[in-house]
Amino acid sequence: MTMLSLKLSRALNGGRAEPAPPADRASLLVTLLRKRAAAHNTGADELEAMLRDQIRWALPMAEPEEPASVD
């Protein structure tokens, strides 16, 4: 899939009903991982790179644990 076909896909999708937003970050991550795998299988390097960036954003962020104080 090239960037031109990605633009065409987005244009066609613009005329469709709005999909429901993902229930949580985990379901969004699953969707992005599937799309990235499909892009990889078709050799769409630009699309795969774009999806990798989105996957990094969707990864859960954990707060660092407080170090135990030694008294």
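Just a few scattered comments:
- Boolean, Leu47 is in contact with a helix residue (DSSP H, G or I) (Cβ under 6 Å, 6 or more places away or on another chain) and within 20 Å of Thr2 (Cα to Cα): yes
- The residues of region 1-24 that are of a type in the set (Ser, Thr, Tyr) and either touching a His at 6+ places or on another chain (Cβ under 7 Å) or open to solvent by 60 Å² or more (accessible area, probe 1.4 Å) (or both) amount to a single one, Thr2.
- Scope region 36-51; condition in a helix (DSSP H, G or I) and surrounded by 15 or more Cβ atoms within 10 Å (Cβ to Cβ); matching residues: Arg36, Ala39, Leu47, Glu48, Met50, Leu51
- Some residue of region 61-68 being at pLDDT 80 or above, open to solvent by 50 Å² or more (accessible area, probe 1.4 Å) and out of contact with any Asp or Glu (no Cβ under 7 Å at 6 or more places or on another chain): no
- Scanning region 31-66 for residues that are among the charged types (D, E, K, R) and free of Cβ contacts under 8 Å to residues at least 24 places away in the same chain yields Arg34, Lys35, Arg36, Asp45, Glu48, Arg52, Asp53, Arg56, Glu63, Glu65, Glu66.
- Hits in region 25-35 - residues which are closer than 13 Å to Leu59 by Cβ and open to solvent by 50 Å² or more (accessible area, probe 1.4 Å): Arg25, Ala26, Val30, Leu33
- Pairing each residue of region 11-30 that is in a loop (DSSP other than H, G, I, E, B) with any residue that is of a type in the set (Ser, Thr, Tyr), provided the two are 6+ apart or on different chains, yields C-beta distances under 8 Å for Pro22/Thr31.
The values are calculated or read from the model by the stated rules, or taken from the named source; none is laboratory data. For clarity, every value in this text was computed on a predicted model and none was experimentally measured. Glycine also receives a Cβ, built like all others from the backbone with ideal geometry; neighbour counts cover every protein chain displayed. To get the accessible areas, we keep the full protein, side chains included, count just its heavy atoms, and leave off ligands, DNA and RNA. Shrake-Rupley method; radii C 1.70, N 1.55, O 1.52, S 1.80 Å.
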